[in-house]
Amino acid sequence: MRNLTLFFVLLISTSCNTSKPVHNAEAQAFIDSYTEEYVKLYTASSDAQWAANTKIVEGDSTNAKLVERTGEAYAAFTGSKENIGKAQDFLKDRSSLSALQEKQLDKILYFAANNPQTVSNIVKERIKAENAQTEKLFGFDFKVDGKSVSANDIDNALKDETDLVLRLKVWESSKEVGVGLKPGLLNLRKLRNKTVQALGYKNYFDYQVSDYGMSTGEMMDLIQKINLELRPLYRELHTYARYELAKKYNVKEVPEYLPAHWLPNRWGQDWSSMVTVTGMNLDSVLKTKSAEYIVKDGEDFYKSLGFNALPGSFWQKSSLYPAPVGAAYKKNNHASAWHMDLNEDVRSLMSVEPNSEWYETANHELGHIYYYMSYTNKDVPPLMREGANRAYHEAMGSLMGLASVQKPFLEKKGIIPTGTKSDGIQALLKEALNYVVFIPFSAGTMTEFEKSLYADELPADQINSKWWELAKKYQGIVPPSVRGENFADAASKTHINDDAAQYYDYALSFVILFQLHDHIAKKILKEDPRATNYYGNKEVGKFLKEIMTPGSSKDWKEVLREKTGSDLTARPMLDYFEPLMKWLKEQNKGRVYTLAEGF
């Protein structure tokens, strides 16, 4: 009887499978051949980009030429008419393809759209323009009162300085780089749009959004929904900040909007250094440590969850610390993680110093590195070795950054003494001034600006005014001095130049972060989401690995639904900060709200 039952089960299973796509050997041969060449060219381009970002020497064009040459070779292959034609032919009969083959062929066409050789001259011109923009951005010599200062010097001054006259000088210095970048940004807008239009996209913004399987309209609706959901909490934070900062700077008349130079961040995207949590002053502890300790401690966190040690090549080849004083070169000062060969060569580019900001940043960047290591496996083809979507990569990094600064975790690690007394509301306030404050910047100002720039062909004489119009609308921030169209303050932000039209990634990543953290805290750790300790919990590690291991071979919405039981929602983020919302309303009683409730 048992064998007969098994026979019918097998028969039903076989009959159901007949309707499923089958493996297409011819398509697979093309994919394999394409992948082999793609990985070679991707690696060569990564090597050149790495050299150009870690050793920027004024007047030396060696690295720039290598970047151009490898970039052009990569573009010529990914955008070749032959590869486009073959991929399109195989996709005409999707029923003959496995799901994984279909995804890889779609990805081949997505790569092609950014480099179509039907407009090879435009592609070459764009590559050259992008490299020139990067060199200009990261080779810039910031000066205050005629003295050269580093980006870290500027950031530290904006966190600590109380003299508003000096703060204004430092803030204005941070924006000088945008002046020289404006022509390049306008040129890149033209070249990027023309490139993707050759394969049927309306504009570069549409192209970048399409990687989510969404239209621009759908993406804008989604991020506006997130903005609106978080607006009441941001409005309370904005009011609180106006009054507290006026007090700090001894300004009697509280301004309606926040002057940009009052804030502890060049773009007003993170205000968390406004708050020092009693008993949780990590800087006082970390300043006694070495920069090397910060990164090694991050690795220890991941190992405790069951992840492997970082490969030896990571330590040998990464650029983790600031360029030596007096060095004959500059380096990109923006933290990043690199998957050099889509295989085992993983690196990070940072300028780590022993402080709380770099402590959290190091844990974040290692999140990217461990994501790379997780989906580099035999079941995930190189073309699918990406995050489930781009936001997932940021979410993983930010999730570990959040976990690394929660009190029970810090006690377990011995960074603060066990039983340390701290103010839970102040801890929540510090976190909100990071995570919540970032949403109107990324999902509001940045995304709307780039949508206007690429999709709406924002006129050249409105670049700076549009930026500040959006900063006021979404962030409630205004410039402290006259900012005419000779400036391009948006261009002072790294990703406007070199990773364009995808700042919604970061906003969505924070929503995903809190959705994942809520699940880990409540379902795995059985702890308050505001006071968790991931350290040493292999079940947490297993949960994260199961999300990370498939890379982009599974649909991102399906992954989120499977792992958390819910579609994308900001509800866990709002729940997390609910006690803070009540506290802020009490603090703001009698204060004047000037930020609009909606948009």
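The values are calculated or read from the model by the stated rules, or taken from the named source; none is laboratory data. Note that the coordinates shown come from a computational prediction; the quantities given were computed from them, not determined experimentally. Cβ coordinates were reconstructed from backbone atoms using ideal geometry, including for glycine residues, and neighbour counts include every protein chain displayed.
Things worth noting here:
- When the test is whether a residue is under 19 Å from the mean Cα position of the chain (by Cα) and without any contact (Cβ under 8 Å) to a residue 60 or more places away in the chain, residue 502 does not pass it.
- Members of the range 543-587 that are under 30 Å from residue 427 (Cβ atoms) and either aromatic (Phe, Trp, Tyr) or in contact with an Asp or Glu (Cβ under 6 Å, 6 or more places away or on another chain) (or both): 543, 570, 572, 576, 577, 583, 584
- Residue among 60, 89 that is at pLDDT below 95 and not basic (Lys, Arg): 60
- Considering the range 194-304, the qualifying helices (runs of 4 or more DSSP H), each wholly inside and each with 2 or more residues that are modelled with pLDDT of 95 or more and under 20 Å from residue 435 (Cα atoms), run over 216-248.
- Looking only at residues of the range 405-441 that are over 18 Å from the mean Cα position of the chain (by Cα) and of a type in the set (S, T, N, Q), we find that the one that is surrounded by the fewest Cβ atoms within 10 Å (Cβ to Cβ) is 418.
- Residues in the range 359-375 that are touching a residue at least 60 places away in the same chain (Cβ under 8 Å) and among the aromatic types (Phe, Trp, Tyr): 359, 370, 371, 375.
- Residues that are assigned to a helix (DSSP H, G or I) and surrounded by fewer than 21 Cβ atoms within 10 Å (Cβ to Cβ) within the range 91-110 comprise 91, 94, 95, 96, 99, 100, 102, 103, 106, 107, 109, 110, listed in sequence order.
- Among the residues examined, residue 564 does not qualify as of a type in the set (Ser, Thr, Tyr), touching a residue at least 60 places away in the same chain (Cβ under 8 Å) and more than 30 Å from residue 472 (Cβ to Cβ).
- Among residues of the range 132-152 that are over 15 Å from residue 332 (Cβ atoms), those with a Cβ under 9 angstrom from a residue that is basic (Lys, Arg), sequence gap 6+ or separate chain, pair up as 144/169; 145/169; 149/143.
- Pick from the range 147-205, criterion under 30 Å from residue 118 (Cβ atoms) and polar (S, T, N, Q), ranking: surrounded by the most Cβ atoms within 10 Å (Cβ to Cβ): 195
- Tally, over the range 50-87, of residues that are within 31 Å of the chain's Cα centre (by Cα), without any contact (Cβ under 8 Å) to a residue 24 or more places away in the chain and part of a helix (DSSP H, G or I): 6
- Residue in the range 5-22 that is modelled with pLDDT of 85 or more and either within 20 Å of residue 112 (Cβ to Cβ) or surrounded by 10 or more Cβ atoms within 10 Å (Cβ to Cβ) (or both) present: no
- Residue match in the range 538-548 (condition: at pLDDT 95 or above, among the hydrophobic types (A, V, I, L, M, F, W, C) and surrounded by fewer than 16 Cβ atoms within 10 Å (Cβ to Cβ)): no
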